[in-house]
Amino acid sequence: MAVRTNSAADSPADHPADSAVEAVFRIESAKIIAVVTRIVHDVGIAEELAQDALVAALEQWPESGVPDKPGAWLMATAKHRAVDLVRRRETYARKLAEVGRTLEDEAPGADALATGPDAVDAIDDDLLRLIFTACHPVLSAEARTALTLRLLGGLTTGEIARAFLVPEATVAQRIVRAKRGLAKAGVPFEVPYGDERERRLASVLDVIYLIFNEGYAATAGDDLLRPGLCEDALRLARVLSGLMPDEPEVHALAALLELQASRTPARTGPDGEPVLLADQNRARWNHLLIRRGFDALTRARALGGAPGPYALQAAIAACHARAVTYEETDWPAIAALYARLAALTPSPVVELNRAVAVSMAEGPAAGLALVDALADEPALASYHLLPSVRGDLLARLGRTEAAGGEFERAAALTRNERERDLLRERAALLGRPGPACDAPPRKAPT
């Protein structure tokens, strides 16, 4: 078994060539791990071999210079180490006969990686297999997320830990256990078909969605946003839509994330404070991402069939993107889309978002009735947006004292410092003339 000689991949660059090594590795690591996994049929070993190739580059490139095709160099080096590993293991004799002969003539030079459509297709197939393997439902949601960010996002354990505000040791344990879990369960390195593919695809989309959601509205910490996580999720969604062009929900998820991400520049003020939807300067929205989102949604719809949950959420995001001003938002259409989403995927969080849309379409009293019906939902017992939404509706109805209490309760429940400050400010503003704010709090992308 390959042994990772040090933690070079987790260390900052110390030599000019090191920066090139780490930049190339971050871009190419997912492809390398995917290809090597096909050879050794073990994600954990494949990552170690990829890390070995990285260490070799860190040792050799400062002396020999960066190759003309650095990605191909890393790929070829990792593949040769994989073949050497297969050869060294007697138990892999049969696998050597199947795999070794096709790879033994490849030299670890810049031209080792074959070019042309067939080679690209083969790598794409391996990358798709890796996505489905890392997001296998046999793993917990936390393990899937950590493993996906590690293998496909190219993040270090330290970066993942900082993103989710957990100890680095916790992330490391999750990744190790995830690899062991895949090996123990005998998860095949393949793209499933039929019902199993549909079930596994849902898991893949859920993981990408979760990564984006945490970046878009951080659960805890001092910052409202973690743009790096949004960028990683967007990249994964774009890669997946290229690998699976005939899956409408894949394009729908990409559309949703593009449209949601388009608002990022306007969602915080100069000091990082949250800016509610009604107060955002829409000229700061990223219109390139909006166009990309509309294009992806068009591709999803062109494939036909009933819209899935991500298509419905993307359609909601599209309603916001089309509105030139907050007042022009088509709230009746959004409320209707949330009703369809609630029927398709029943969830108290979806119902809470529907209540917000109904309040904007039919008035705060109608929305409050729907919110009050959710008061005893166990899933929302510690969800700070329930009292936050209720406080907003009460404020709009003129019940300021009760609204202030709801905002204080929401502030006590949230673990995000920026949201806590906003909620306390809204509670304090209720003691002054006039409404605090007309914009309902929203937890994107639901």
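Here are some notes:
- Helices (runs of 4 or more DSSP H) (entirely within segment 329-446) containing at least 1 residues that are modelled with pLDDT under 90 and of a type in the set (K, R): 417-429
- Residue in segment 296-310 that is nearest to P248 (Cα to Cα), counting only those that are of a type in the set (A, V, I, L, M, F, W, C) and in a helix (DSSP H, G or I): A300
- I211 falls short on exactly one of the conditions (1) modelled with pLDDT of 85 or more; (2) within 11 Å of the chain's Cα centre (by Cα); (3) of a type in the set (V, I, T), and that condition is (1).
- Residue in segment 226-241 that is among the hydroxyl-bearing types (S, T, Y), touching a helix residue (DSSP H, G or I) at 6+ places or on another chain (Cβ under 8 Å) and not in a helix (DSSP H, G or I) present: no
- I208 vs. criteria farther than 19 Å from A315 by Cα and either of a type in the set (A, V, I, L, M, F, W, C) or not in a loop (DSSP other than H, G, I, E, B) (or both): no
To keep it simple, each residue is scored yes or no on (1) outside the structural domain of L257 (by TED's automatic domain parsing); (2) surrounded by fewer than 20 Cβ atoms within 10 Å (Cβ to Cβ); (3) not hydroxyl-bearing (S, T, Y).
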{"residue": "P270", "(1), (2), (3)": "no, yes, yes"}
{"residue": "H287", "(1), (2), (3)": "no, yes, yes"}
{"residue": "R292", "(1), (2), (3)": "no, no, yes"}
{"residue": "P364", "(1), (2), (3)": "yes, no, yes"}
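- Checking each residue in segment 136-176 for being free of Cβ contacts under 8 Å to residues at least 40 places away in the same chain, assigned to a loop (DSSP other than H, G, I, E, B) and either among the small types (G, A, S) or surrounded by 23 or more Cβ atoms within 10 Å (Cβ to Cβ) (or both) picks out only S140.
- Looking only at residues of segment 402-427 that are over 31 Å from the mean Cα position of the chain (by Cα) and touching a residue at least 24 places away in the same chain (Cβ under 8 Å), we find that the one that is nearest to L276 (Cα to Cα) is A427.
- Residue within segment 180-202 that is surrounded by 15 or more Cβ atoms within 10 Å (Cβ to Cβ), modelled with pLDDT of 90 or more and over 19 Å from P309 (Cα atoms) present: yes
- Selection status of L256, surrounded by fewer than 20 Cβ atoms within 10 Å (Cβ to Cβ) and either part of a helix (DSSP H, G or I) or in contact with a Ser or Thr (Cβ under 9 Å, 6 or more places away or on another chain) (or both): no
- Residue that is farthest from the chain's Cα centre (by Cα) [pool: residues in segment 311-328 that are assigned to a loop (DSSP other than H, G, I, E, B) and hydrophobic (A, V, I, L, M, F, W, C)]: V324
- For segment 156-208, residues that are of a type in the set (G, A, S) and more than 17 Å from T145 (Cβ to Cβ) total 4.
- Lone unmet requirement of (1) touching a residue at least 60 places away in the same chain (Cβ under 8 Å); (2) surrounded by fewer than 19 Cβ atoms within 10 Å (Cβ to Cβ); (3) in contact with a Gly (Cβ under 8 Å, 6 or more places away or on another chain) for S359: (2)
The values are calculated or read from the model by the stated rules, or taken from the named source; none is laboratory data. Please read all numbers here as calculations on a predicted model, not as lab measurements. Ideal geometry is used to build each Cβ from the backbone, glycine not excepted, and the neighbour counts take in all protein chains shown.
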